[in-house]
1. So if I place +1 on the C-beta of Lys and Arg and -1 on the C-beta of Asp and Glu, and nothing else carries charge, what would the dipole magnitude of the chain be about its Cα centre? I want it in debye, nearest 20.
2. What residues have an amide H closer than 5 Å to that of LEU335, excluding those fewer than 5 places away on the same chain, when H is modeled at 1.01 Å from N in the peptide plane?
3. With only Lys, Arg, Asp and Glu charged, each at its Cβ (+1 for the first two, -1 for the last two), find how big the charge dipole of segment 280-381 is about the Cα centre; round to the nearest 20 debye.
4. What residues have an amide H closer than 5 Å to that of LEU41, excluding those fewer than 5 places away on the same chain, when H is modeled at 1.01 Å from N in the peptide plane?
5. Can you bin segment 268-309 into rounded, prolate or oblate? Criterion: square roots of the alpha carbon gyration tensor eigenvalues sorted a ≥ b ≥ c, rounded for a/c under 1.5, prolate for a/b above b/c, oblate for the rest.
6. Give me a comma-separated list of calculated 3J(HN,Hα) values for segment 245-254, in order, Karplus coefficients 6.51, -1.76, 1.60 applied at θ = phi - 60°, integers in Hz, x for any Gly or Pro.
7. Under a 5 Å amide H to amide H cut-off, with H placed in plane at 1.01 Å, what residues pair with ASN229 once short-range neighbours are removed?
8. Please compute the net charge surrounding PRO86, taking Lys and Arg as +1 and Asp and Glu as -1 over other residues with Cβ under 15 Å from its Cβ.
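Each reported figure results from applying straightforward, stated rules to the coordinates on display, with no laboratory input. Just so it is clear, the model here is predicted, and its values are computed rather than measured. Backbone-built Cβ (ideal geometry, glycine too); neighbour counts: all protein chains shown.
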Amino acid sequence: MKKVFNILFYLACVLIIAILGGLTYHYYEMPLRDDPAPYKLSDSVYGPDDIASNTDVLVIGDDLGKTLNPYIGEITTKLSQKLARPLAIYNISAKNESLFRTIEKVSKLTKVPKIIILATGFSEMQEELYPKSNKELNINNINFKIYRNLYIQSFIKLYPNLSKLFYLNENIKELEKQVTPLDYSKLSAEAFRSIFDKEVLLYQHRLESFLRELRKKGVNVLMVLPPINIEISNLKVCEDTTNDKIEKALQKLDNLLEQGKTKEGQLLVESLDKKIVANTKYHQLKQELYRKQGQITKSYEQALLKLAFACEVESSHPVFTKILERTAINQNIDLVDFQQIIKENYMRNPLFVTKKTPQDIYYPKLVNELVIKLKQLTQLQ
């Protein structure tokens with residue numbers, strides 16, 4: 001009996017040593033990670049920027065931030081009237097720059113200016129980021145499942161090194177400055193939703209952390225809420241939301257609208273509402289139906305659903321815009337609602353020039369609101 005006990009004891013010791021050895025090897029081999037994103041930016045993409053670090057007001061973001069460039073001079077003039085030295089405003093926004101790239105760019109500054117204008121929201125889900133092989137995707141899915149555990153998130157925030165033990169090892173894609181566009185034509189509905197859900201989760205956590213860190217540094221943040229381009233049409237329909245029967249019904253509805261038969265179209269919609277739910281084309285047609293009927297609110301709601309249910313993202317998206325708005329409110333961040341400015345003109349004037357460029361006529365009101373907020377932040381009354 002004693003001999004059996006000794007054997008079992010030695011086996012248990014060997015097993016424990018093997019497990020500890022494996023964990024030790026895993027710990028030292030694994031990179032330190034804040035989240036399970038299977039990508040990171042190369043260290044050479046962004047570097048220090050002396051002008052950005054020493055400006056009074058720094059504009060950061062994506063295409064939305066870039067559209068502010070023609071108005072920087074006007075904003076500077078209006079803010080500097082009572083000053084001995086004009087306020088310096090510098091814009092480092094870049095086209096197709098998603099939030100994680102903007103955050104990385106700011107992190108490389110030697111000093112963060114006291115006022116930042118965050119103008120972003122047009123360029124999420126535009127970049128090829130996730131692996132394509134089933135094996136790599138399965139590992140990444142497991143890591144995201146781990147990340148969604150609130151207890152594990154808390155442990156990693158308190159003890160970042162623990163991420164080396166929690167996550168499975170996976171290939172981390174190193175991104176360069178050039179953005180590789182995401183090809184939606186090659187994504188199934190399931191693959192699209194998986195990427196979308198992951199990016200929404202990461203977006204929310206990154207935004208919250210980024211804004212908190214800026215506030216800790218004494219930085220005043222002014223957020224420009226991006227307008228949603230509801231004029232985008234014919235987005236990719238998720239293949240699991242349609243069939244031959246649905247396509248025939250939608251074609252019939254489309255024909256009725258082209259002929260101006262809105263009453264017949266309304267009757268058809270009432271018969272289809274319980275049969276078609278998440279089809280982007282259906283909501284596009286309902287947007288058009290309500291537009292023809294002059295029902296602005298209903299038409300706008302259908303436009304948002306059209307964008308939300310599509311299997312591609314071409315510009316601002318209702319989900320990312322809502323996260324920006326909710327986070328700004330929760331963290332008491334100053335907000336200029338460009339979305340509302342443009343929404344007020346729906347069915348009155350054209351809204352966008354391109355998918356990511358609002359019409360020039362809406363910028364004077366945006367500039368005035370920016371100036372008012374900036375005067376409050378700089379105490380220039």
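1. Approximately 860 debye in magnitude.
2. Those qualifying (amide H under 5 Å, at least 5 residues apart or on another chain) are MET223.
3. Computed charge dipole of segment 280-381: roughly 280 debye.
4. Answer set, sorted by chain and number: LEU175.
5. The shape class here is oblate.
6. So the J values, rounded to whole Hz, are 5, 5, 4, 5, 5, 5, 5, 5, 5, 4.
7. Counting only residues 5 or more places away or on other chains, the set is SER316.
8. Local charge sum for PRO86: +2.
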